[in-house]
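The values are calculated or read from the model by the stated rules, or taken from the named source; none is laboratory data. The model shown is predicted, which means the values in this text are computed figures rather than measured ones. Virtual Cβ from ideal backbone geometry, glycine too; neighbours counted across all protein chains shown. Side chains included, ligands, DNA and RNA excluded: accessible areas come from the protein's heavy atoms. Shrake-Rupley method; radii C 1.70, N 1.55, O 1.52, S 1.80 Å.
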Amino acid sequence: MAIFGAPRPLPNAQACAIRAAVRMIKALSKVDTSQLTLPEKGFAVGIGINSGECVVGNIGFQDRMDYTVIGDNVNLASRLEGVTKMYHHPIIVSENMYEAARDQFIFRKVDTVRVKGKSNPVGLYAVYAAFAGEPAAADCQGPAAASLVIDRELLDCYEKGLRLFSMKEWETAKTYFNNALRIDEDDYLSKVYLERIEEYSLLGEPVDDAITLTEK
C-alpha cells in the first residue's frame, strides 16, 4: 500500500498516484525472473487506486503501532486491486480518481459496480499511458508498457458501444463492440459486454446498470 497526500497535503496527489502506478507496470519488464517458477501467463501485478477522506496517523496499541490509513476509501482501493484480475487490466481506479485526473491520462470506463457491504454504485476505470503509435500521454519515463497502450479507434468504438449499452440499445451496441474486436480480437472488455448483451437480451426485463461484487 502506498499513500499520496499524507502526512503533508499534495495538490496533485491523484495524478502522482496514477503516474507511480504507470511507472511500476513499466518497471515489471525489467524484473529478473529467470530464477523463479512463474505461471504460464507470466509475472504480473494489479494496482487499485482510490481517493477520499480517511483516518491517517499512528494506529495500533502502545506496544505495536504503525503509521497507516484506514476507512471505507482505503477498503475500496483494496477491492479495486482485486478486480484487476476480473477485468484483465493492471491499473483500475475509482470514479473519484478519474474525475481528478481525466485530463492527464487516458481512461476507459470498465464497469459500474456495488462492492460488498455498500449500496451506492461506483464507477471503475482502466488507465492507459498512450495511444498505439503515439507518444506516451503520461510521464512514464519513456515508451509505455504494452499493457497500458490502447488503439484510439478501438477506444472510440468501445465508448460508443458502452453508451448504447447503458441505453439498452443492445443490437447497435453489439455492432460497436464487434467493431472494436475487429481492431483487436483479444480486447477482453468488449467481449465482456458482448456476453452481457446476449445474457440481458434473453432476460427480457429491466437490467440493473450496476454489477454487484460478491467477493472482497
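If R114 satisfies every condition in (1) more than 24 Å from A17 (Cα to Cα); (2) surrounded by 13 or more Cβ atoms within 10 Å (Cβ to Cβ); (3) charged (D, E, K, R); (4) in contact with a Ser or Thr (Cβ under 7 Å, 6 or more places away or on another chain) but one, which is the exception?
(1)
Pairs, please: C-beta under 7 Å, at least 6 apart or cross-chain, first residue closer than 13 Å to D111 by Cα and in region 156-174, second open to solvent by 30 Å² or more (accessible area, probe 1.4 Å) and outside any helix (DSSP H, G or I)?
Every condition considered, the pairs that remain are L162/K109; S166/D209.
Could we say that D186 is of a type in the set (D, E, K, R) and farther than 27 Å from T212 by Cα here?
Against the criterion (of a type in the set (D, E, K, R) and farther than 27 Å from T212 by Cα), D186 does not qualify.
Would you point out which residue out of A17, A27 is within 22 Å of the chain's Cα centre (by Cα) and either among the aromatic types (F, W, Y) or open to solvent by less than 40 Å² (accessible area, probe 1.4 Å) (or both)?
Exactly one residue qualifies, and that residue is A17.
Can you list residue pairs whose Cβ atoms sit under 6 Å apart, with the first residue in region 1-16 being closer than 19 Å to E99 by Cα and among the hydrophobic types (A, V, I, L, M, F, W, C) and the second being part of a helix (DSSP H, G or I) and open to solvent by less than 50 Å² (accessible area, probe 1.4 Å)? Count only pairs 6 or more apart in sequence or on different chains.
Matching pairs, first to second residue: F4/A13; F4/C16; F4/A17; A15/A101.
Anything in region 165-180 that is at pLDDT below 95 and buried (at least 20 other Cβ atoms within 10 Å of the Cβ)? List them, or say none.
Answer for region 165-180, where residues must be at pLDDT below 95 and buried (at least 20 other Cβ atoms within 10 Å of the Cβ): just F165.
When the residues of region 58-99 are narrowed to those that are among the hydrophobic types (A, V, I, L, M, F, W, C) and in a helix (DSSP H, G or I), which ends up most open to solvent (accessible area, probe 1.4 Å)?
M86
I need the full set of residues from region 113-153 which are in contact (Cβ under 8 Å) with a residue 40 or more places away in the chain and in a strand (DSSP E or B), in order please.
Scanning region 113-153 gives V113, R114, V122, L124, A126, V127, I150.
Anything in region 30-54 that is surrounded by 10 or more Cβ atoms within 10 Å (Cβ to Cβ) and within 21 Å of G123 (Cβ to Cβ)? List them, or say none.
G46, I47, G48, I49, N50, S51, G52, C54
Residues of region 154-193 being under 18 Å from the mean Cα position of the chain (by Cα) and part of a loop (DSSP other than H, G, I, E, B), which ones?
D186, D187
Somewhere in region 181-192, is a residue buried (at least 19 other Cβ atoms within 10 Å of the Cβ), touching a helix residue (DSSP H, G or I) at 6+ places or on another chain (Cβ under 9 Å) and hydroxyl-bearing (S, T, Y)?
yes
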